[in-house]
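A short reminder: the numbers here are calculations on the coordinates, not readings from a lab. The structure presented is a predicted model; accordingly, all values stated were derived computationally and were not measured. Because the Cβ atoms are built from the backbone with ideal geometry, glycine has one as well, and the counts that use them run over all protein chains shown.
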Amino acid sequence: MLPHVVLGATYGFAAAVQPGPFQTYLVSSTLSHGLRRTLPGVLAPLLSDVPIVSLVLLVLTRVPPAALLGLRLAGGVFLLYLAAGAYAAFRTYRAPQVHQPSQGTRTLFKAAVVNLLNPNPYISWSLILGPLLLEAWRAAPAYGIGLLVSFYATMMAATALMLVPFAGARALGPAIGRAALGISAAALAAFGVYQIWAGGSSLLQGLP
């Protein structure tokens, strides 16, 4: 169970701190309207990811095991690509630009729409989380649930924590964001190497 929980938590943290439309919207909302009004938006992936995960798993459960192995190797390469991008962003970090989102309880639903239209969840679930979840579930359903819970719990907690500096001390925002990107780059690189190693080991074991 523990390896699956660690994998889910690691990628959940990396997903939370990677710059993108969803993160930018939440930071902008925090700067404009405060943390209390923005925090419900942290839960947006629980809404937006339902159709994304359902679609991806529907496809992945109908492909042969060899295709899942290929996706795992591709996911490892993609993670290394994300690590390189995170490192580049770490070196030239700039705070997200502020926009003016709507106020009130609609923050959650607006954030869900932003995330639904964001290509990153589709890519992540197709290449990384989908194959990992299926592998964990086939080993034991509890493993799959552990991976899923640790991913979303870590992602939402890390996203909420990332918003705190922007709520009360704008000067700390860029410093905190840059540090988190550095950690994310290291975590993504380690995760990518693990994915390639695990996929390559499975491939070699399947050879005559």
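Which of Ser48, Ser54 has the fewest other C-beta atoms within 10 Å, and how do the rest follow up to the most? Mind showing how you got there, number by number?
Details: Ser48 21, Ser54 10.
Fewest to most other Cβ atoms nearby, the residues stand as Ser54, Ser48.
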Cβ density ranking, 10 Å radius, fewest first, applied to Met162, Met1 yields Met1, Met162
